[in-house]
Amino acid sequence: MTAKRDRFVGAGAQLVTEVSINFGSSLAGLVIPVVGSPVVVAARQIVMACTVLPFYRRKLATLAWRRMWPALALGVVLAVMNLTFYESVHLLGLGVAATIEFLGPFALALATSRRLLDFICAGAAAGGVFLLTWSDGTLNPLGIGFALAAAAAWAGYILLTRRVATEFPGLEGISVASVVSLALLVPFALATVDYARLDWGVIGLLLAIGALSSAFPYTLDTFILRRITPRLYAVITSFGPVVAAVFGWLVLGESFAILQQIAIVAVCAAAGVSIATQRERPRSDLELTAVAIP
């Protein structure tokens, strides 16, 4: 009974993180036209760093390149992933951008698969994305390019996060990655910010985005993954694009044609079916990493 209750609580907490992340992304969609994506991403990383750095106690003797490179690479990937995703949100809208970005972890989950069902699901997801981006007969190549770059970065984030989690104690790895990400993003933010447009309302939104999209969900993930399997975690995450579309509609006033609604559901359903029917014990480390979509 206790194990069942833990799974129920963990699954519920995972749904809460999906709501938190996508609500934060919808708020980002409001602020990006005001201050720009680099400022929003930098603010998000500042909040994240302030959350994890107090728990990090570094030792100079351990700062060797051979040991540190995964955390440094993770910081670069974090910066690229968040910046390209928010640029795609600005150009495509939250629902479309989140759906395309999800192709990254989905492709990683299928990387070693040879099942016919997975190929069918991959084809369904690809068809859904085509419908989503071509439903009105027009394309935004730059926005799609940013979303695909975010998808590739998300796949890299998954692989690097697993390595960092296994090689660094506690929050050491993510702390280093946060500092690296900040070092890359702050110069862009300072160069592009319009200080005249910064007021307490905008600053409050930036802090909320950092808390909702980074600090809260990343902290809660530790609690969640101790209670549910990586596969259940990934299945719940596969419905992220639907949650994103709902917040795009509620907060940003985005509208979706019938074909676009079908496309978003098709991508989520394809990912959910494929991941839910994976073996309980993946044969390779890559498979284990792939189903543990963060």
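The values are calculated or read from the model by the stated rules, or taken from the named source; none is laboratory data. Note that this is a predicted model, so its numbers are computed, not measured. Please note: Cβ atoms are built from the backbone with ideal geometry, for glycine as well, and neighbour counts cover all protein chains shown.
Observations, loosely collected:
Condition check ((1) out of contact with any helix residue (DSSP H, G or I) (no Cβ under 8 Å at 6 or more places or on another chain); (2) under 27 Å from V176 (Cβ atoms); (3) outside any helix (DSSP H, G or I); (4) modelled with pLDDT of 75 or more) across all residues:
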position	(1), (2), (3), (4)
D6	yes, no, no, no
V9	yes, no, no, yes
V16	no, no, no, yes
S20	no, yes, no, yes
I32	no, no, no, yes
P38	no, yes, no, yes
A42	no, yes, no, yes
R67	no, yes, no, no
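- Odd one out for G272, checked against (1) modelled with pLDDT under 85; (2) farther than 30 Å from R114 by Cβ: (2)
- For W249, the criteria (1) touching a helix residue (DSSP H, G or I) at 6+ places or on another chain (Cβ under 7 Å); (2) modelled with pLDDT of 85 or more; (3) surrounded by fewer than 21 Cβ atoms within 10 Å (Cβ to Cβ) hold in every case but one, which is (1).
- Scanning segment 126-149 for residues that are at pLDDT 85 or above and over 23 Å from A109 (Cα atoms) yields a count of 4.
- Any pair with Cβ under 6 angstrom, 6 or more apart, that starts in segment 103-116 at a residue that is closer than 14 Å to V235 by Cα and ends at one that is part of a loop (DSSP other than H, G, I, E, B): P105/I293
- Residues that are in contact (Cβ under 8 Å) with a residue 60 or more places away in the chain and either more than 18 Å from A244 (Cβ to Cβ) or over 18 Å from the mean Cα position of the chain (by Cα) (or both), drawn from segment 28-38: L30, V31, V34, V35, G36, P38
- Identity of the residue in segment 181-194, hydrophobic (A, V, I, L, M, F, W, C) and within 18 Å of the chain's Cα centre (by Cα), that ends up nearest to S37 (Cα to Cα): L185
- Boolean, L252 is in a loop (DSSP other than H, G, I, E, B), of a type outside the set (S, T, N, Q) and within 22 Å of Y86 (Cα to Cα): yes
- Segment 1-27 residues that are farther than 15 Å from P217 by Cβ, paired with ones that are outside any helix (DSSP H, G or I) and among the aliphatic types (A, V, I, L, M) (beta carbon under 6 Å, 6 or more apart): R7/I228
- When A124, A73 are checked against the criterion of being touching a helix residue (DSSP H, G or I) at 6+ places or on another chain (Cβ under 7 Å), within 16 Å of T277 (Cβ to Cβ) and assigned to a helix (DSSP H, G or I), a single residue qualifies: A124.
- Residue match in segment 150-169 (condition: surrounded by fewer than 20 Cβ atoms within 10 Å (Cβ to Cβ), assigned to a helix (DSSP H, G or I) and at pLDDT 90 or above): yes
- Residue match in segment 87-102 (condition: outside any helix (DSSP H, G or I), modelled with pLDDT under 90 and under 30 Å from A126 (Cβ atoms)): yes
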